[in-house]
Each structure stands twice: as structure tokens, then as C-alpha cells.
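Here's the structure, in C-alpha cells; my notes come after.
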Amino acid sequence: TFYTSILVNHEGWCLGSALCYHGMSVVTGALAGLVGIGGGLIFAPFFLGMAVEPSVAVATSSTCVIFTSSSTTLQYLLTDRIIMSLTLVYGIVNLLASYSGTSLVHHLQDRFLTRRSYISLIVGAGVLISAALSVNKLIHSVA
């Protein structure tokens, strides 16, 4: 409530937008705590729906994920549930994929200045693929 009043009174936000962002954060926190999803799966599409620039939406959702994923990683590391030999391989693949994705976004921004829909399409496709893989895993684990 304190931050909502600051946003509305001093930053020029409308009350509906401020409450929408607060509601999204509560729902995301609950989903992250209950079923382990959140971050990029919820933040990025929400930000795109709120007309945030696609590159800002992706960067912001990634930044939010850093804190929860680091906390979880530390918990797994302290309980000796991480296979350290695979960590290096996954880390290198993740580093290359992150660099490639960032380079692609910058290339699309430079080449298609007025067409933000390409970046939105890529984010949407990523979320759709992630959801499809999750459903596939759920179906095969139940069967």
C-alpha cells in the first residue's frame, strides 16, 4: 500500500496499473512457492501484455529469476543434490544460449526498429515451447 501510494501520487501511475502489477507479483510468488514456476514463464508475458518494451520485459523477468534461482541453487548445493561434473557442461551451454539470444534481440532491434512484434513473437514462442514441454513431461510421468 505504501509503494502503491508512491507510484500513484509521485510517479504518475494510474491506480489500476499499480494494483495489476501488485496482483501479478502475489500470484507469481504463490505459484513459485507452490509449484515452482514463476519468473520468465509469468513475468515476461505479463510485461508484454502491459505494453512494456519486449527487450525490457525479457531483461526484467530474467533479473527477477536470478534471485529465486540463486536461492534454490544454493539450497541444492548445500544439501549435496547437484552433480558438479554436469554443472560445467550446463553452464557453458547456458552461457552460449544466453549470448546468442541476447545478440539476436539486439540484431532484431537494430534491423527492425519499428517492429517490436518479432521480439514478442520469440518470447511467446519460448513460453509456448516451455509450456508444451512441461505438459509433455507431466503426461509421461503420470503414465
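The values are calculated or read from the model by the stated rules, or taken from the named source; none is laboratory data. Note that the coordinates shown come from a computational prediction; the quantities given were computed from them, not determined experimentally. Every residue, glycine as well, gets a Cβ built from its backbone with ideal geometry; the counts of neighbours run over all protein chains shown. Ligands, DNA and RNA are excluded from the accessible area calculation, which covers all protein heavy atoms including side chains. Shrake-Rupley method; radii C 1.70, N 1.55, O 1.52, S 1.80 Å.
Numbers below:
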{"item": "Shape call, the range 28-143: gyration tensor on alpha carbons, a/c limit 1.5", "result": "prolate"}
{"item": "Accessible-area composition of the chain, carbon plus sulfur, in percent [1.4 Å probe]", "result": "69 percent"}
{"item": "Label-point separation, Ser5 to Ile122 (7 Å along Cα→Cβ), nm", "result": "4.3 nm"}
{"item": "Accessible area per residue in Å² at 1.4 Å probe, computed on the chain", "result": "74 Å²"}
{"item": "Sparse-neighbourhood loop sites, chymotrypsin sites (Phe, Trp or Tyr not before Pro) in the range 36-143 - DSSP loop, at most 14 other Cβ within 10 angstrom", "result": "Phe112"}
{"item": "Gyration tensor (Cα) of the range 1-72, equivalent ellipsoid semi-axes in angstrom", "result": "22, 15, 11"}
{"item": "Gain in span if fully extended, Leu74 to Ser55, counting 0.36 nm per residue against the direct Cα distance", "result": "4.0 nm"}
{"item": "Exposure rule at most 15 other beta-carbon atoms within 10 Å, DSSP loop trypsin sites (Lys or Arg not before Pro): the chain longest free segment", "result": "1-80"}
